[in-house]
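Structure record follows, encoded as structure tokens.
The values are calculated or read from the model by the stated rules, or taken from the named source; none is laboratory data. Source: prediction; values computed, not measured. Methodologically, a virtual Cβ is constructed for each residue, glycine included, from the backbone with ideal geometry; neighbour enumeration extends over all protein chains shown. The accessibility values were calculated without ligands, DNA or RNA, using every heavy atom of the protein model including side chains. Shrake-Rupley method; radii C 1.70, N 1.55, O 1.52, S 1.80 Å.
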Amino acid sequence: MKTLENNTIYTFKLTTGEEIVARLVEQNHDEGYILIFHPILTVLSPQGLQMMPGLFSADLSTDVRLNTGSWVMIAQTREDVRNSWMEATTGIKPVSKKIITG
């Protein structure tokens, strides 16, 4: 990944070890932060990867500020997790790319 693109869903590995999935809204590296939309924590459970709200008491209809010093890794989110994030944040289940035959 060469550069970060706004309106793209990324996975952030925080310095605390937590993983957050969120859509990148705006970058302000000179000021030391980015704005993200609807951060969701990923948690491993016996049933597999689970998602839970990243902030319980915040108004998630507004953007959230994440300090650039807070993460140690960032990567584009894989498709299945991205689809789960989209469903969890919008209620819309993404359509998978399949060819329908007769």
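For the stretch 72-92, the condition holds for no residue, the condition being that it is open to solvent by less than 90 Å² (accessible area, probe 1.4 Å), in contact (Cβ under 8 Å) with a residue 12 or more places away in the chain and over 15 Å from the mean Cα position of the chain (by Cα). Each residue in the stretch 3-22 was checked for being under 17 Å from Thr68 (Cβ atoms), without any contact (Cβ under 8 Å) to a residue 60 or more places away in the chain, open to solvent by 40 Å² or more (accessible area, probe 1.4 Å) and not hydroxyl-bearing (Ser, Thr, Tyr), and 4 of them qualify.
Of the residues making up the stretch 41-91, those that are among the hydroxyl-bearing types (Ser, Thr, Tyr) and either in a helix (DSSP H, G or I) or under 13 Å from Ile20 (Cα atoms) (or both) are Thr42, Thr68, Ser70, Thr77, Ser84, Thr89, Thr90. Looking at this structure, is Glu26 at pLDDT 90 or above, of a type outside the set (Gly, Ala, Ser), open to solvent by 80 Å² or more (accessible area, probe 1.4 Å) and part of a loop (DSSP other than H, G, I, E, B)? Answer is no for this residue. The condition (being free of Cβ contacts under 8 Å to residues at least 60 places away in the same chain and either acidic (Asp, Glu) or exposed (fewer than 12 other Cβ atoms within 10 Å of the Cβ) (or both)) is satisfied by just one residue among Phe56, Phe37: Phe56.
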